[in-house]
1. On C-alpha positions alone, give me the angle between the axis of helix 38-54 and the longest principal axis of the chain, in degrees, nearest 10.
2. Take the alpha carbon gyration tensor of segment 141-216, find the square roots of its eigenvalues, order them as a ≥ b ≥ c, and report rounded if a/c is under 1.5; if not, report prolate when a/b exceeds b/c, else oblate.
3. Based on Cβ point charges of +1 for Lys and Arg and -1 for Asp and Glu, what charge dipole magnitude is obtained for segment 115-189 about its Cα centre, in debye rounded to the nearest 20?
4. Which net charge results when you count Lys and Arg as +1 and Asp and Glu as -1 among the other residues whose beta-carbon is under 14 Å from that of Leu123?
5. Rounded to the nearest 20 debye, what is the charge dipole size of the chain about its Cα centre when +1 sits on each Lys and Arg Cβ and -1 on each Asp and Glu Cβ?
6. List, in order, the whole-Hz ³J(HN,Hα) value for each residue of segment 3-13 obtained from phi through the Karplus relation with A = 6.51, B = -1.76, C = 1.60 and θ = phi - 60°; use x for Gly and Pro.
7. Among Gly148, Gly37, Ala127, whose Cα projects farthest towards the positive end of the dipole of the chain, with charges put on the beta-carbon of Lys, Arg (+1) and Asp, Glu (-1)?
8. Just to be sure I follow: if Rg is taken over the C-alpha atoms of segment 119-183 and Rh is the Kirkwood radius over the same atoms, what is Rg/Rh?
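The values are calculated or read from the model by the stated rules, or taken from the named source; none is laboratory data. Computed from a predicted model, the values in this text were never measured in an experiment. All Cβ positions, glycine included, derive from the backbone under ideal geometry; neighbour counts span all protein chains shown. The protein model used for the area step is the full one, side chains on, heavy atoms only, and it has no ligands, DNA or RNA in it. Shrake-Rupley method; radii C 1.70, N 1.55, O 1.52, S 1.80 Å.
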Amino acid sequence: MKKKYLAAEFAAIFILFALPPLFAKQPSSAVIPWKTGLNTLVQLAVAALLDVQCGRTKAFFKTRGFKSAVSLLVWWPLSLGTMMLVYAAVCLVCALVPGGKMFYAVQSVPSAALQWGMLAVNLAAGAFYEEVLYREFLPETAILLGAGGRLRIAAEVTVIAVFAFSHLYMGIPAVVNAALCGTVLRLCFVKTGSVAAGFLAHFTYNMLVMVFCALV
């Protein structure tokens with residue numbers, strides 16, 4: 001794809017999908033997280049198309065064989081474990097600060113097996129969408145468009161910041177948590193060359209947090 005068309009696509013995706021969450025007061029999925037809406041389906045379709053365009057996930061499984069499996073088995077639990085430690089640390093700080101409270105909470109949690117199943121589907125779709133958008137398409141496209149050296153660092157930081165501040169509706173602690181976890185997931189992508197391991201880590205992390213929210 002020519003750079004001018006790639007630049008136009010980058011701008012469109014950034015404006016239509018990366019910017020709106022920065023101004024969201026509370027996504028509908030945070031209220032009833034097991035109900036699938038049109039927005040979720042659109043995000044999933046866009047993520048699938050962008051991932052196919054980038055071709056990294058297909059190449060990850062097709063050309064690397066055994067090395068892909070090893071990479072997946074190493075970076076999935078490593079990323080997940082690091083993210084859980086980050087979550088625990090941020091929650092601990094919130095608990096120790098006077099007036100602090102758990103930063104991630106939902107207004108309702110599933111009460112039946114079917115609802116938990118739909119929740120898993122929604123969280124899987126959301127994790128895949130965010131991994132493709134924030135860990136694959138935006139940073140990698142910026143690099144293809146010429147973001148090298150210091151510009152690459154600026155591009156990486158900008159994408160992580162956009163992802164982090166899309167969680168602002170949950171408060172500053174959530175932004176810090178998302179920034180640190182987003183950095184971990186981006187490193188996972190760089191090391192594996194695919195969203196596969198990051199997707200599994202991201203999805204598992206979100207499910208564990210939901211289970212935690214249901215128990216407290």
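1. Taking the Cα atoms of the chain, the angle to 38-54 is about 30 degrees.
2. Because a/c hits 1.5 or more and a/b fails to exceed b/c, segment 141-216 counts as oblate.
3. 180 debye
4. Values: positive: Lys35; negative: Glu130, Glu131.
Within the 14 Å Cβ shell, the charges total -1.
5. In debye, rounded to 20, the chain gives about 480.
6. Listing the rounded values in order: 4, 5, 6, 5, 5, 5, 5, 4, 4, 5, 5 Hz.
7. Working it through, the farthest residue towards the positive pole turns out to be Gly148.
8. On the way: Rg = 12.9 Å, Rh = 12.5 Å.
Rg divided by Rh gives 1.03.
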